[in-house]
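Q: Would you mind keeping the following structure in view while I ask a few things?
Quick note: the coordinates plus some simple rules give every number you see, no bench work behind them. Just so you know, these numbers come straight off a predicted model, no measurement behind them. Please note: Cβ atoms are built from the backbone with ideal geometry, for glycine as well, and neighbour counts cover all protein chains shown.
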Amino acid sequence: MYKYKEVDEEIVKAEVCKGFGSWLSHLVFDNEVYWKITDAVEQWTPCKSKYKLPSDTTLRPERELIDNKKINEVQDMLNKSAA
């Protein structure tokens, strides 16, 4: 990783740290592993905010059907809305 700074009216590239990895497996900075795909993480829960974007998936009309595993009814609803 690099940052750029001005030194004597000249832009200089300075190394901040060395890093490598992949979003598919791990992330390492200065030989310290910061994240591995096998790391345990806390269960994520959706935000319970009363302010939601119109595109929020919890507002989808078929959401209740999906939650109740009524997949055929969901497909029928989607087919009707696409027509």
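Q: Taking R0 as 35 Å, what's the FRET efficiency between Lys5 and Ser25 from their Cβ-Cβ distance, rounded to 0.05? Please report the intermediate quantities before stating the final value.
A: Working: r = 32 Å, r/R0 = 0.92.
It comes to 0.60.
Q: Of the listed values (1) 15, 28, 26, 15, 10, 4, 0; (2) 13, 20, 17, 22, 16, 9, 2; (3) 18, 39, 26, 13, 4, 0, grab the one calculated as P(r) over Cα pairs in 10 Å bins from 0, in percent from the structure here.
A: Of the listed options (1) 15, 28, 26, 15, 10, 4, 0; (2) 13, 20, 17, 22, 16, 9, 2; (3) 18, 39, 26, 13, 4, 0, (2) comes from this structure.
Q: For each of Asp76, Asp30, count neighbouring Cβ atoms within 10 Å of the residue's Cβ, then give the residues from fewest to most.
A: Values: Asp76 13, Asp30 10.
Ranking Asp76, Asp30 by Cβ neighbours within 10 Å, fewest first, gives Asp30, Asp76.
Q: In segment 1-73, which trypsin sites (Lys or Arg not before Pro) are in a loop and have at most 10 other Cβ atoms within 10 Å, using DSSP for the loop call?
A: On the way: sites: Lys3, Lys5, Lys13, Lys18, Lys36, Lys48, Lys50, Lys52, Arg63, Lys69, Lys70; in loops: Lys18, Lys48, Lys50, Lys52, Lys69, Lys70.
Taking segment 1-73 and a limit of 10 other Cβ atoms within 10 Å, the loop trypsin sites (Lys or Arg not before Pro) found are Lys18, Lys48, Lys50, Lys69.
Q: Moving to a separate point now. Name the chymotrypsin sites (Phe, Trp or Tyr not before Pro) in segment 1-39 that are in a loop by DSSP and that have at most 14 other C-beta atoms within 10 Å, would you?
A: Working: sites: Tyr2, Tyr4, Phe20, Trp23, Phe29, Tyr34, Trp35; in loops: Trp23.
Hits after loop and neighbour filter: Trp23.
Q: If you don't mind, there's one more thing I want to ask. With a 10 Å Cβ neighbour count serving as the proxy for reagent exposure, in which order, fewest first, do Met77, Met1 appear? Could the numbers behind the result be given before it?
A: Values: Met77 15, Met1 10.
Sorted ascending by nearby Cβ count, the order is Met1, Met77.
Q: Here's another thing I want to ask about it. Loop only by DSSP, 10 or fewer other Cβ within 10 Å of the Cβ. Give me the GluC sites (Glu not before Pro) in the chain that pass, ordered by residue number. Numbers along the way, then the final one.
A: Working: sites: Glu6, Glu9, Glu10, Glu15, Glu32, Glu42, Glu62, Glu64, Glu73; in loops: Glu9, Glu42, Glu62.
Those satisfying the criteria are Glu9, Glu42.
Q: Something else about it: Treat each spin label as a single point 7 Å out from the Cα along the C-beta direction, and report the Glu73 to Val41 distance in nm.
A: Between Glu73 and Val41, the label points sit 3.2 nm apart.
Q: Considering only lysines 8 or more places apart in sequence, or on different chains, count the pairs in the chain whose C-alpha atoms sit under 18 Å apart. Don't skip to the answer; put the middle values down first.
A: Working: Lys3/Lys13; Lys3/Lys18; Lys5/Lys13; Lys5/Lys18; Lys18/Lys36; Lys70/Lys80.
Number of lysine pairs found: 6.
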